[in-house]
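Worksheet: the structure to be examined is printed underneath.
FYI, it's all coordinate maths here, none of it is from the lab. Since the structure is predicted, the reported quantities are computational estimates derived from the model, not experimental observations. Glycine also receives a Cβ, built like all others from the backbone with ideal geometry; neighbour counts cover every protein chain displayed.
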Amino acid sequence: MIHLDIKKLGRFEHPGHRVTGTRVGCRNRGAGWDFVHVAVDDATRLAYVEVLGDERRNTTTGFLLRALRWFRDRASASNG
């Protein structure tokens, strides 16, 4: 069994006020999002992760296919 998850993370163009100490000129308007796609094998707890530009159907399907191939390659390598 494989667990899939997608985490949406804000993308920053430059450091914010907590890093710079000033609120002047620290807006990150329109910087966007990154989407961390994660697949974890329930039996082995191995994880396959990619950071992708969206969470749309075609992107997620492609990720799943690459993850399944990656898990298959690990299983065949460990079985000799």
Subject >> Qualifying residues in the stretch 35-80 (those that are in contact with a strand residue (DSSP E or B) (Cβ under 9 Å, 6 or more places away or on another chain) and in a loop (DSSP other than H, G, I, E, B)) - the one surrounded by the fewest Cβ atoms within 10 Å (Cβ to Cβ) >> reply: D42
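Got a number for residues in the stretch 41-63 being in contact with a Leu (Cβ under 7 Å, 6 or more places away or on another chain) and over 11 Å from I6 (Cβ atoms)? Steps first, please.
Going residue by residue through the stretch 41-63, those that are in contact with a Leu (Cβ under 7 Å, 6 or more places away or on another chain) are 59, 63.
Going one step further and asking which of them are over 11 Å from I6 (Cβ atoms), we end up with none.
The number of residues fulfilling the criteria is 0.
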